[in-house]
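Trainee: This is the structure I want to talk about, given as structure tokens.
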Amino acid sequence: MKTQQIIISKAVAVLVAVTCFFQLQAQPITVTDVVGREVTIPKPAKRVILGEGRQLITLSLLVEDPTAIIAGWTGDFARSGGLLFEEYRSRFPALDKLPLIGTSGKETVSTEQIIALKPDLAIFGAGSHGPDAKSADVIRALEAAGIPIVFIDFRLHPFKNTVPSMEVLGKVLGKEKRAADFIAFYNRRINHIRSTLAKQPTLKRPKVYMEMIRGAVPPGSPGKGNLGEFIEFVGGNNIGTVLPGEVGTLNMEYVISEQPDVYIATGIAKPGEEGLVIGQDIYTYQTQQSLAALAARPVVSPLNAIKQGRVYGMWHLFYDSPLNIAAVEAIAKWTHPELFGKLQPHGVLKEINDRFLAVPLKGVYFAELEK
């Protein structure tokens with residue numbers, strides 16, 4: 001009799017636990033996104049729209065197979081992802097079958113296609129190459145169709161919005177624990193830099209010029225947002241703060257007159273393409289050759305940073321990704337080697353690979369021009 005009572009008690013306990021689990025799962029999820037909109041969904045989203053295809057990388061920090069939850073996306077990652085996109089295609093063959101809602105650019109996105117796909121949720125950037133917080137017509141149409149939208153941001157103001165964006169994604173995807181683990185990792189790295197700088201109240205701030213190089217298109221630079229926020233955070237003086245927006249193009253006469261102390265190029269080029277050759281499955285010599293060619297251009301060769309050999313390169317897509325923490329460490333190391341010379345940005349990526357990413361990053365993602 002006693003044994004039977006024990007078995008019954010255990011069975012009841014299991015039943016209660018299972019019931020509680022499903023009750024929790026059935027609770028509506030309410031979040032406040034990065035533009036201040038309160039959004040409620042009935043349960044974790046299983047079919048999402050990605051307003052920027054490159055946010056596949058962000059999803060892969062939280063979901064083992066991000067393609068399994070994508071109902072539709074834009075085609076920009078195929079154009080900007082280089083060999084990393086090919087790696088994702090190899091790992092997840094379903095990628096080629098994902099419906100496109102547009103190619104690259106707000107004007108290419110079809111609201112009708114989004115509605116036809118019947119997603120649980122649309123994930124848009126606050127400011128992005130796809131629909132964003134200013135896309136009033138798209139927002140109205142999707143809300144009228146009963147499709148909730150959350151806005152995240154790694155591009156406009158990543159210093160402020162990276163952590164809140166990951167919190168939002170963790171909740172709406174039912175991956176709060178994994179998001180919390182990433183955020184703890186992220187904050188630990190950020191706080192190390194913050195506490196080190198707090199001990200240097202009279203720190204000199206070197207001038208930093210960043211060229212965001214996208215093939216034959218004129219290079220852009222971060223302004224009062226984007227990676228410019230991280231340049232300022234690590235104790236640098238971003239000469240792009242004169243720009244009116246988060247990203248823009250600087251006049252080279254102004255750049256030369258400023259005589260920056262540090263030059264950083266970003267790029268996404270594959271071997272044989274114009275720009276900085278860097279990223280997935282790229283070899284060191286390929287990055288070094290392209291970085292040397294960039295530094296030799298007459299338009300930048302007069303800069304003190306070039307003459308003094310403070311020439312660096314990094315992967316372009318750090319500018320729109322929670323992987324930006326690795327870029328922060330690189331910028332800190334290059335701007336203040338006396339304080340942060342021991343930081344290892346590739347080591348940061350290794351930890352992210354080991355703990356979070358569904359498709360590990362392998363190749364060259366940071367470079368210092370060899371003398």
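The values are calculated or read from the model by the stated rules, or taken from the named source; none is laboratory data. None of the values given here were measured: they were computed from a predicted structure. Backbone-built Cβ (ideal geometry, glycine too); neighbour counts: all protein chains shown. The area values use the complete protein model at the heavy-atom level, side chains included, leaving out ligands, DNA and RNA. Shrake-Rupley method; radii C 1.70, N 1.55, O 1.52, S 1.80 Å.
Trainee: Looking at the square roots a ≥ b ≥ c of the eigenvalues of the Cα gyration tensor of the range 151-268, which shape do they give, rounded for a/c under 1.5, prolate if a/b is larger than b/c, or oblate?
Mentor: Oblate is the answer for the range 151-268, as a/c is 1.5 or above yet b/c matches or exceeds a/b.
Trainee: Restricting to lysine pairs 8 or more places apart or on different chains, what number in the range 110-262 have Cα atoms under 20 Å apart?
Mentor: 6
Trainee: Of the candidates ALA71, ALA145, ALA126, which one comes out as most mobile in a Gaussian network treatment of the chain with C-alpha springs shorter than 10 Å?
Mentor: Between ALA71, ALA145, ALA126, it is ALA145 that shows the largest mean-square fluctuation.
Trainee: Another question, if that's okay. Quick one: which residues, 5 or more positions from VAL247 or on another chain, have an amide H under 5 Å from its amide H? H modelled 1.01 Å from N in the peptide plane, none for Pro or chain starts.
Mentor: Placed amide hydrogens put GLY223 under 5 Å from VAL247.
Trainee: Which value, in Å², gives the accessible area per residue of the chain when a 1.4 Å probe is used on the protein heavy atoms?
Mentor: Accessible surface, normalised per residue, equals 45 Å².
Trainee: Now for a separate question. Which stretch or stretches of the range 269-300 have amide N atoms under 20 Å from the point lying 7 Å from THR108's Cα along the Cα→Cβ direction?
Mentor: 269-270, 273-274
Trainee: Distance between Cα centroids, the range 199-248 to the range 117-174: provide it in whole Å.
Mentor: The two parts, judged by their Cα centres, are 26 Å apart.
Trainee: Specify whether the C-alpha gyration tensor of the chain places it in the rounded, prolate or oblate class, a ≥ b ≥ c being the square roots of the eigenvalues: rounded for a/c under 1.5, otherwise prolate if a/b is larger than b/c and oblate if not.
Mentor: On the way: a/c = 2.04, a/b = 1.64, b/c = 1.24.
Cα axes put the chain in the prolate bin.
Trainee: Once you put a point 7 Å from the Cα of GLU338 and another 7 Å from the Cα of ALA116, both along the Cβ direction, what distance in nm separates them?
Mentor: Here the answer is 6.2 nm between the modelled labels.
Trainee: To check you understand DSSP bridge types, tell me what percent of the beta bridges within the chain (both residues inside) are antiparallel, rounded to 5.
Mentor: That works out to approximately 35 percent antiparallel.
Trainee: Can you send over the carbon and sulfur percentage of the accessible area for the range 245-371, probe radius 1.4 Å, protein chains only?
Mentor: Of all accessible area on the range 245-371, carbon and sulfur atoms account for 51 percent.
Trainee: Nearest 500 deg cm²/dmol is fine: what mean residue ellipticity at 222 nm does the chain get from its DSSP H runs of n ≥ 4 alone, each adding -39,500 (n - 2.57), divided by its residue count?
Mentor: -12500 deg cm²/dmol
Trainee: Ignoring any ligand, DNA or RNA, what whole percent of the accessible area of the range 131-194 comes from carbon and sulfur when the probe is 1.4 angstrom?
Mentor: Carbon-and-sulfur percentage of accessible area, whole number: 51.
Trainee: Near the amide H of ILE268, under 5 Å away, which other amide H atoms are found, from residues 5 or more places off or on another chain, if H is placed in the peptide plane?
Mentor: Hits under the 5 Å cutoff: GLY215, LEU276, HIS316.
Trainee: Something else about it: Tell me the net charge near ILE256. Cut-off is 14 Å between Cβ atoms, ILE256 excluded, with +1 for each Lys or Arg and -1 for each Asp or Glu.
Mentor: On the way: positive: LYS207, ARG297, LYS307; negative: GLU211, GLU253, GLU258, ASP261.
Computed value for this residue: -1.
Trainee: Now for a different question. I'd like the accessible area for TRP315, computed on protein heavy atoms only with a 1.4 Å probe and all protein chains in place. Round to 10 Å², please.
Mentor: 10 Å²
Trainee: For LYS46, list the aspartates and glutamates whose Cα falls under 16 Å from its own Cα; do not include residues on the same chain fewer than 8 positions away.
Mentor: Within the straight-line cut-off, LYS46 pairs with GLU64, ASP65, ASP120, GLU176.
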